[in-house]
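A quick write-up on the structure given underneath.
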Amino acid sequence: MANTPSAKKAVRKIARRTDVNRARRSRVRTYLRNVESAISSGDVAAATAAFKAAEPEIMRAVTKGVLHKNTASRKVSRLAARVRKLSA
């Protein structure tokens with residue numbers, strides 16, 4: 001348990017950051033679910049629109065430190081390939 005005032009403050013800060021990061025991660029997952037459902041339904045227009053909305057959200061998670069850059073790039077690349085395959 002934290003004993004010093006600075007350690008207690010650090011615990012409070014970490015709790016706040018955790019809440020913010022959890023919300024950001026949840027938001028990214030929601031966008032990914034939207035793309036997945038559009039792809040599985042076979043709707044090219046909906047899949048493309050969902051992907052265009054999801055890509056900036058994934059990259060924003062990188063700038064906020066929620067996702068690693070390579071992880072986000074891999075996710076975007078794989079989603080783009082699946083959407084492209086759907087439209088072909």
- Filtered residue count, region 67-88, keeping only those that are at pLDDT 95 or above, outside any helix (DSSP H, G or I) and of a type in the set (A, V, I, L, M): 1
- Message: Among the residues of region 34-51, are any outside any helix (DSSP H, G or I) and exposed (fewer than 15 other Cβ atoms within 10 Å of the Cβ)?
- Response: yes
- Query: Within region 16-27, can one find any residue that is at pLDDT 95 or above and more than 18 Å from the chain's Cα centre (by Cα)?
  - Reply: yes
- Item | Subset of region 75-88 (residues that are loosely packed, with under 12 Cβ neighbours inside 10 Å and among the basic types (K, R)) | R78, K85
- Message: Residues to consider are R29, R24; find the one that is touching a residue at least 40 places away in the same chain (Cβ under 8 Å) and not aliphatic (A, V, I, L, M).
- Response: R24
- Task: State whether one or more residues within region 13-24 are surrounded by 14 or more Cβ atoms within 10 Å (Cβ to Cβ) and not in a loop (DSSP other than H, G, I, E, B).
- Result: yes
- Message: So, S6, is that one free of Cβ contacts under 8 Å to residues at least 24 places away in the same chain, surrounded by 11 or more Cβ atoms within 10 Å (Cβ to Cβ) and among the hydroxyl-bearing types (S, T, Y) or not?
- Response: no
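The values are calculated or read from the model by the stated rules, or taken from the named source; none is laboratory data. Keep in mind that what you see is a predicted model, and the values were worked out from it rather than measured. Please note: Cβ atoms are built from the backbone with ideal geometry, for glycine as well, and neighbour counts cover all protein chains shown.
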